[in-house]
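Inspection log for the structure reproduced underneath, given as C-alpha cells.
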Amino acid sequence: METSLRSKPELLAPAGDWECARAAVANGADAVYFGLPAFNARMRATNFSADDLPKLMAFLHEHGVKGYVAFNTLIFTDELAAAEEQLLLLHRAGVDAAIVQDLGLVGLARELVPDFHIHASTQMTLTSPEGIAFAQRIGITRAVLARELSLRELAKFRVAAAGPAAEGGEPSQSLRWLPTEETSLPLEVFVHGALCVAYSGQCLTSEALGQRSANRGECAQACRFPYELIVDGLKRDLGDRRYLLSPQDLAAVEEIPELMRLGIVSFKIEGRLKTPEYVAAVTQVYRRTIDNAWESQNPAPVSDRDRYQLEMAFSRGLYSGWMHGVNHQKLVHARFGKKRGAFVGVVTSVGRHYLEVKTEAPVQPGDGVVIDAGKDTDREQGGRVYQATSQRDGIVRLAFEYDKIDFGVIEPGNRIWKTDDPQLNRELRKSWSGEIPKSKQALKIIVTGRIGEPLRLEGRCLDVVAEVESAMSLQAAEKRPLTEETLRGQLGRLGETPFELHTLENRLKGCVIVPVSELNRLRRELVEKLEKDLGRTVGHPELVEGSVQSVATPPHVLHRRLNVLEIKRAAETKIEKPLLTVLCRSMEQIEAALRMGVIEIYADFEDIRRYSQAVELVRQRGYRADASPAQIFLATPRIQKAGEQGFFKLIENAKPDGVLIRNLGALDYFKASPLRRIGDFSLNVANPLAAELLMGEKLERLTISYDLNAGQVLDLLRAAPPAWFEITLHQHIPMFHMEHCVFAAFLSEGTDHTNCGRPCDTHRVELRDRVGLAHPLKADVGCRNTLFHAQAQSGAAFFESFRKMNPAAFRVELLLEDGVETERILRGYQRLLSGASTGLMIIRELNLRSQLGVTTGTLAIVDS
C-alpha cells in the first residue's frame, strides 16, 4: 500500500499479568506495555514486580518484542525520590520506554537517564500540533494522542508535500507527509478497547465522587453508571436509555489502512485489566489487519469471523469512536454500560423452561448469554445454554440449566447477547500454551573498507546499531575477492542466534580479501554486541539471579534539583498579602466581582465571542482612583485540537491583560505573547519539578492541580517558591470534560454542531446520579461538555495553613451564581483573607445564606 511509513507500524498490546504478556507475544504483538505496582494508571491490574522485570524483559526481547512501562500517573512531591528510583530501575532492566503523564517526571528523566525513551501518555492530553511541539521541546520521544481525534484531525499533524487533502473529504489515499520541525515526533494512537468519555488526564470524577483519582490510577468508572436527564428542572423520559455517559468500545480495525497512510507509527490496544483471552483475540485480529494492509494495495475488508472475535473478546458495542468525527447519536447508545459480546437475536416467545429466539449469530450448548430487558443491568437474567434446537425460519429454542433463570420476567422483544464462547476461548488459550517460538529479527549489515584498512561491519536491528572491525587490514585479492555473494554466505550464517540477515550492503572499495576465519569471528562479535544492546543476554551487572540488584547510581539528580529550588525559594520575595482572584462565567458575575473590588478576574465563557465585551466591561468599571485598575484574563478552552488556533486568535484580538492557559497547545501558542500568562489546574502541576518546567515557559504563576489534598499542597509550597502558585479555594469541581455532547445526543437527533439545533443555548440540563445529586452540565465553545459537581467544595478550613506559606493567590470559581450570590460568596472569602473570619465560619455561613451546599471536598484529606 502507499504509505509515508518507512517500516511497518508497531502493534502495541496490553499486559496486566504474565499470561497476558505471553498471549500478546504469541499472537503477534510488536511491543507490550505493562505497569509496576506504583505510578501506573491501572492500579487494579495484577501488574509486575521489580523482581519480575529482568525475566519479563528477557522474555520479550528473546521474542523480538519491546517492553514499555506505564509510568503514567501524576507524581506528588513526597514521591519524587521513589519515582527517581523507579526510573533508574527501568533503565537498568532494559525497558524500552516509559509512558509518562507527569511533566516533572519527563524533566527528571531527561537529566537522569538521557538515553531512555519517554513516551507521552494519552493522559498528557495532547490534541494538537502545538501540543506536540511543546512535548518534543521538553524531550518526549513519542506521543500517544488523545482518543478524541478524527482521521481528518490526525492529518493536520503532518504537512502534505503533495498538497492538502480535498476540502470536505477524508484524507486522500495518495498523501505523502513531510515531518516538520514542530511535528516530527512519532505518533501513537489507540485503535481498540474501552473509551473514556472524558479526556484522559482531564477527568476528576472519581476524585469528586469518591476521593479517588483517575490521574492516580484509581478510576471508579463513574461514566458506566446510570444517570437521569433533568431538563429545565424536569426529568426527561428516555425509555431504556439510562447510561448517558457510557461510550461503546473503540474498534478502529477498518481504519488501519488510513491510519498507516497518515504515518501513525504505533497502534495501541487498550486492556491492562482484561483477560489473556481478550489480549490474544484482539492482537490476532489487528496483526492480520496490519499485515494485510501493509502488503496489499487493496486490503481485504475485516472478515465476519474477525469481527465476531472482537465482539466476544469484550464489547459494549463496537464503534469507530471519533475516527470519523463526532456522531453523538452513535457514540453513546446509553442502553447498557457493561460487557455484552455478540448480538444473538430477539426473544420471540417464552416457554416454561425455554426461550425461542430469532437468531442473527450461532449459539451452541455451553455458550454464555444474557437477556437484555432494557432495565437494571445488575439484575439481568442469563446463564449457560444447555440445549440449542433449530426450529423454523431462523428460530432457535434455547434451554438452560434447571432453575437458573426466572422465565417469568422475560418478555418477547428482549434482546439476547452472547457473553462467552468456550470453544473460541479454548482455541485462543492454545496460542500461548507451551513453548512460544522465538522470532528472528531482521538484521541489516553494511560492509565497508579498502586495501590497507580494517574490514568494518555495521549491524542494524530495530533501534540498535553495533560496529566491529577486523584485527587485520584488507589485502588486494588476486583470485577470489569478497563479493556480495561471498559476504552474504558467511555473514548470513546466523544459526541459533535471534537474527536473520535481511539486507546486506557491500560498500567495499576495490577487489579485497580477508581470511574466512576472520570474517566468521567478526560475525560472532557483531551478534554478541547486538544481543547485549538489545537486552537478549544478561549484560547488566545489576541483573543477578533474576532480580534487579543495586549498582552505582549517577549523581543524585533529584537532590540537586530540589536544592536549587530551595535556593530559589529562599531568595523569593515573600508575598505578604495574597490576591483573591475570581473566575466568572457570566457578565453578571463579572459586574458583581468588580463591585466587590476584585482586581484580577478570569473570564471563562461558553461563547468566547463575548470575551471582547467582558474586556470592555472591566476597562469601563474596573478603574478606581484609590487602587490599581482591575485586570482581566481570558481562559482558553480546556481542549484545543488541530486547526483550532482561531480560539487563541480570538483571545488575542479581545486585548485582555492576560490569558489563563489550560492546555499544552496554548502554552506553545502563547510562548512569545506579550500577554500575562497563568497556568490553570488542567496542566496538572502536582510537584515542584513540573512547576519548574512550566515556569520556565515564562508563566507568571500556576494553579495547583485539583488532585492534591491539603497536605500535598503544603508539601508543594515547601518545595518550590510559593509565589509561583495559586490555590483554588472554592469551586464546583469540573468532573467530566468530554467531546461527547449530551445536549445533542439526547435533546436532538443531530450528529454534531452543524445539525443539532444547539439545545445547549435554550435548555438547562443536569445529570442526576444514583444518590440523587443533580450535576450541572455546560457546553463550551468547541461544543465540548463539562459536568460540574452539584455541590461546591471549599478549602477554606485549610486557608490559614496555606496562607502561612505565602502563595501568590487564592481563587474562587463561580458557576451558576447570580450577582447577589456572587457578592455573598466573595464577601465571605474577602473576610477570610483579611482575617475577619475563619474558614469553618465561612463554610457554615455560605451554606446557610447561599444554600450552595458547601463541602470541604477533596482538600479535606490531610494527615494533620
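Below are the figures for this structure:
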read-out	value
Search result, residues across the range 769-796 that are in a loop (DSSP other than H, G, I, E, B), more than 27 Å from THR127 (Cα to Cα) and aliphatic (A, V, I, L, M)	VAL771, LEU773, ALA790, ALA792
Filter result (in a loop (DSSP other than H, G, I, E, B), within 20 Å of ARG662 (Cα to Cα), in contact with a strand residue (DSSP E or B) (Cβ under 9 Å, 6 or more places away or on another chain) and of a type outside the set (Gly, Ala, Ser)) within the range 113-129	LEU126
Those residues of the range 707-722 which are surrounded by fewer than 23 Cβ atoms within 10 Å (Cβ to Cβ) and under 28 Å from GLU130 (Cβ atoms), in sequence order	ASP707
Which listed residue, of SER206, SER266, is modelled with pLDDT of 95 or more and under 17 Å from the mean Cα position of the chain (by Cα)	SER266
Pick from the range 769-816, criterion polar (S, T, N, Q) and open to solvent by 10 Å² or more (accessible area, probe 1.4 Å), ranking: nearest to the chain's Cα centre (by Cα)	THR786
Residue within the range 380-403 that is surrounded by 15 or more Cβ atoms within 10 Å (Cβ to Cβ), in contact (Cβ under 8 Å) with a residue 40 or more places away in the chain and not in a strand (DSSP E or B) present	no
The range 88-104: number of residues that are touching a strand residue (DSSP E or B) at 6+ places or on another chain (Cβ under 7 Å) and under 22 Å from GLY696 (Cβ atoms)	2
In the range 97-124, residue nearest to GLU148 (Cα to Cα) [restricted to those that are crowded, with 22+ Cβ neighbours inside 10 Å and out of contact with any helix residue (DSSP H, G or I) (no Cβ under 8 Å at 6 or more places or on another chain)]	THR122
Condition check for GLY495: at pLDDT 90 or above, of a type in the set (Gly, Ala, Ser), surrounded by fewer than 16 Cβ atoms within 10 Å (Cβ to Cβ) and not in a helix (DSSP H, G or I)	no
The one condition in (1) touching a residue at least 24 places away in the same chain (Cβ under 8 Å); (2) within 23 Å of LEU717 (Cα to Cα); (3) among the charged types (D, E, K, R); (4) not in a helix (DSSP H, G or I) that LYS671 fails to fulfil	(2)
Number of positions in the range 701-720 that are without any contact (Cβ under 8 Å) to a residue 60 or more places away in the chain and either hydroxyl-bearing (Ser, Thr, Tyr) or not in a strand (DSSP E or B) (or both)	1
Breaking point among (1) assigned to a loop (DSSP other than H, G, I, E, B); (2) open to solvent by 30 Å² or more (accessible area, probe 1.4 Å), for PHE39	(2)
Elements of type strands (runs of 3 or more DSSP E) in the range 425-486, at least 2 residues being open to solvent by 60 Å² or more (accessible area, probe 1.4 Å) and in contact with a strand residue (DSSP E or B) (Cβ under 9 Å, 6 or more places away or on another chain)	454-461, 464-473
Residue list for the range 130-154, filter: crowded, with 24+ Cβ neighbours inside 10 Å, part of a helix (DSSP H, G or I) and not acidic (Asp, Glu)	GLY131, ILE132, PHE134
Test for GLU766: is it without any contact (Cβ under 8 Å) to a residue 40 or more places away in the chain, outside any loop (DSSP other than H, G, I, E, B) and either open to solvent by less than 40 Å² (accessible area, probe 1.4 Å) or among the acidic types (Asp, Glu) (or both)	no
The range 331-357, residues that are over 39 Å from the mean Cα position of the chain (by Cα) and surrounded by 16 or more Cβ atoms within 10 Å (Cβ to Cβ)	VAL347, THR348, VAL350, TYR354, LEU355, GLU356, VAL357
Leading residue by the ranking (nearest to LEU667 (Cα to Cα)) among those in the range 589-638 that are surrounded by 16 or more Cβ atoms within 10 Å (Cβ to Cβ) and among the aromatic types (Phe, Trp, Tyr)	PHE633
Residue list for the range 686-733, restricted to those being hydrophobic (A, V, I, L, M, F, W, C) and within 21 Å of ALA792 (Cβ to Cβ)	ILE704, LEU708, ALA710, VAL713, ILE727, LEU729, ILE733
Tally, over the range 358-384, of residues that are under 12 Å from LEU398 (Cα atoms) and over 34 Å from the mean Cα position of the chain (by Cα)	11
Within the range 214-231, tally of residues that are open to solvent by 10 Å² or more (accessible area, probe 1.4 Å), modelled with pLDDT under 90 and in a loop (DSSP other than H, G, I, E, B)	4
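Residues are listed down the side, and each one gets a yes or a no for (1) buried (at least 21 other Cβ atoms within 10 Å of the Cβ); (2) assigned to a helix (DSSP H, G or I); (3) among the charged types (D, E, K, R); (4) over 27 Å from the mean Cα position of the chain (by Cα):
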site: LEU273; (1), (2), (3), (4): no, no, no, no
site: VAL279; (1), (2), (3), (4): yes, yes, no, no
site: THR283; (1), (2), (3), (4): yes, yes, no, no
site: ARG287; (1), (2), (3), (4): no, yes, yes, no
site: ILE290; (1), (2), (3), (4): yes, yes, no, no
site: ALA293; (1), (2), (3), (4): yes, yes, no, no
site: ALA300; (1), (2), (3), (4): no, no, no, yes
site: ASP306; (1), (2), (3), (4): no, yes, yes, no
site: GLU311; (1), (2), (3), (4): yes, yes, yes, no
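Yes or no, residue by residue, for (1) of a type in the set (Ser, Thr, Tyr); (2) out of contact with any helix residue (DSSP H, G or I) (no Cβ under 7 Å at 6 or more places or on another chain); (3) closer than 19 Å to ALA198 by Cα:
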residue: HIS730; (1), (2), (3): no, no, no
residue: PHE736; (1), (2), (3): no, no, yes
residue: SER748; (1), (2), (3): yes, no, no
residue: PRO759; (1), (2), (3): no, no, no
residue: VAL771; (1), (2), (3): no, yes, no
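The values are calculated or read from the model by the stated rules, or taken from the named source; none is laboratory data. All values reported here derive from a predicted model rather than from experimental measurement. Glycine also receives a Cβ, built like all others from the backbone with ideal geometry; neighbour counts cover every protein chain displayed. Accessible surface is based on the protein model in full, side chains and every heavy atom, while ligands, DNA and RNA are left aside. Shrake-Rupley method; radii C 1.70, N 1.55, O 1.52, S 1.80 Å.
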